[in-house]
Amino acid sequence: MLRGKTIVLGVSGGIAVYKAAALTSKLTQSGADVHVIMTESATKFVSPLTFQTLSRNRVHTDTFDEQDPSVVGHIALADRADLFVVAPATANIIGKLACGIADDMLSTTLLATTAPVLMAPAMNVHMYQHAAVQENMQTLLRRGVQFIEPGVGQLACGYVGQGRLAEPEQIYEEIVRRLTPDQTLAGCRVLVTAGGTLERIDPVRYITNDSSGKMGYAIAQAAHEMGASVTLVSANVSLPVPVGVNLVKVVSTRDMYDAVMARLDDHDLIIKAAAVADYRPAVQAQHKIKKKDEKLTLELERTEDILAEIGRRKSGQFVVGFAAETDQLEENAMKKVRSKNCDLVAANDVSSSDAGFRSDNNELKLYDASGLVATIPLMPKLEVARRLLRFVAERMKGNRSEEQ
């Protein structure tokens, strides 16, 4: 599957280095030309000879150990890579790349490469959650570096939590996906809404919801990876914009309504993953409301029903609505399918602690006019997005066949 592809594998120091050896073996067996760069710390856990044997290539550990006088080693490696993978990626190497530090073979080559970079973090749970590490990861995400989230479980330090290196099979599958891209949505124009809208009460107060926008952003990223031209209409989130996606920022439900309706006719697939406010204050105070009486009564009015208007106006577009529910999931999803004229409704239980608004995971039940048609089990939101889009693509393909 990977014949003809060159992968540079960076291995930084941690007990999970043994998993990198298994990954190297799997990549080599798939036909990839694997070149391993080890940090000095990594060599304390597994010897370079192990990776040399598995990759059938010389292992690089020292920037100044130049074997070929005709090239500069780290530049030559950086230029050859179709994909640069760092697994395990310690807090140290993540920090170095974020800050532009180049003081060893791995960090120097990372700064020199123009290939896509995929990092698989592995560290203690408290290190992973530390603000510095999270900020460094956000910095790298904004620069286009992608991450495979660490798993949750027993760590070598004795703690239980998130920090385990993803399994070699999972990293391998992600590498294959990136080097043999899925073009299922090539030529398709996709409009995605994401985030939670905000309705002002006065200049300092507002009504909103707990939506993080993670699901919508994952859908936008996955659609772009699958070859689509993607417009993301986003309300009030703190997430890096997926590379290659056209971002339209909005604040209120009215803003989102206007942005979507202005672009509706230019898109083939509409996925409304945003959590919009159903009501807004009938009157927005021009100045901060002062505390006076024991009670304050706000009069609310209905906001624009974006999904219903999409369903009313659509002219051949495939429309997917989201139903974020806390009870009667199937009943409420089916009501939305019928009342909003959706082709599909993706329903999820946002009261679940492991699949709610701010979780990195999700699970969906997909409904059309006939009832439940598919279930996507609990998994990272990006993978949920990919499975949802593959299902939608099949439905769209079927619709086109029926029209012909």
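Taking the listed residues G10, G4, the one that is on the phi > 0 side of the Ramachandran plot and in contact (Cβ under 8 Å) with a residue 12 or more places away in the chain is G4, with no other qualifying. The residue list D258, D265 contains one member that is in the same structural domain as E363 (by TED's automatic domain parsing), touching a helix residue (DSSP H, G or I) at 6+ places or on another chain (Cβ under 9 Å) and free of Cβ contacts under 8 Å to residues at least 60 places away in the same chain, which is D265.
Tell me, which strands (runs of 3 or more DSSP E) wholly within segment 276-386 include 2 or more residues that are in the same structural domain as S252 (by TED's automatic domain parsing), under 20 Å from L264 (Cα atoms) and in contact with a strand residue (DSSP E or B) (Cβ under 8 Å, 6 or more places away or on another chain)?
Details: elements: 279-281, 300-302, 318-325, 344-349, 361-368, 371-380.
Those strands (runs of 3 or more DSSP E) span 318-325, 344-349.
If I filter segment 156-194 down to residues being touching a residue at least 60 places away in the same chain (Cβ under 8 Å) and among the hydroxyl-bearing types (S, T, Y), which single residue comes out as farthest from M1 (Cα to Cα)? The extreme case among them is T193. Please return the ranges of helices (runs of 4 or more DSSP H) entirely within segment 94-203 where 3 or more residues are at pLDDT 90 or above, under 18 Å from the mean Cα position of the chain (by Cα) and under 30 Å from L77 (Cα atoms). Answer list for segment 94-203: 131-142, 168-179. Looking at R254, R302, R263, just one residue is among the basic types (K, R) and surrounded by fewer than 14 Cβ atoms within 10 Å (Cβ to Cβ), and that residue is R302.
So how many residues does segment 145-181 have that are among the β-branched types (V, I, T) and under 18 Å from M123 (Cα atoms)? Reasoning before the result, please.
As a first pass, look at segment 145-181 and keep what is among the β-branched types (V, I, T): 145, 148, 152, 160, 171, 175-176, 180.
Now drop any that are not under 18 Å from M123 (Cα atoms), which leaves 148, 152, 160, 171.
Going through segment 145-181 one residue at a time, the tally reaches 4.
When every residue of segment 345-353 is checked against the conditions, at least one turns out to be more than 20 Å from the chain's Cα centre (by Cα) and surrounded by 20 or more Cβ atoms within 10 Å (Cβ to Cβ).
The values are calculated or read from the model by the stated rules, or taken from the named source; none is laboratory data. Being a predicted model, the structure only gives us computed values, none of them experimental. Note that we place each Cβ from the backbone using ideal geometry, even for glycine, and neighbour counts take in every protein chain shown.
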